[in-house]
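Every read-out reported here was derived from the displayed coordinates using simple, explicitly stated rules and does not represent laboratory data. Model, not experiment: these values are computed from the prediction. Note that we place each Cβ from the backbone using ideal geometry, even for glycine, and neighbour counts take in every protein chain shown.
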Amino acid sequence: MTSLSLEHKIGYMLHVGFDGLTAPDHILDWLARGQIGGVILFARNVDTPGQVAKLVRQCREAAPRPILVSIDQEGGRVAM
């Protein structure tokens, strides 16, 4: 990570949520630019196992570096 700018190093520590079952264009753009380091999924992002797999693949393919994909469980189980 030493070759990254300070802005990208800070951005890489950010993980953002979004609405919907697919990643919005602005999220994919931020991932592609290295402005965020990952995404957090909530119940609003989960429908079926196949849909979640496609969503995670979509985010990972947009990013030039590995990203962290996490899921929010604090309000209860996020189940499929």
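Figures for the structure shown
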item	result
The chain: equivalent-ellipsoid semi-axes (sqrt of 5 x gyration tensor eigenvalues, Cα, Å)	24, 13, 10
For the range 11-51: rounded, prolate or oblate by the Cα gyration tensor [a/c cutoff 1.5]	prolate
Estimated vicinal HN-Hα couplings, Hz - the range 8-25 in sequence order (Karplus 6.51, -1.76, 1.60; Gly, Pro = x)	6, 4, 5, x, 5, 7, 8, 10, 10, x, 7, 8, x, 8, 10, 6, x, 4
Nonlocal amide H pairs with GLY38, under 5 Å, H built at 1.01 Å	VAL16, LEU68
Packing rank of 31-39, 47-55, where each peptide gets the mean count of other beta carbons within 10 Å, highest leading	31-39, 47-55
Structure-based [θ]222 nm, the chain - -39500 (n - 2.57) summed over DSSP H runs of at least 4, per residue, nearest 500	-11000 deg cm²/dmol
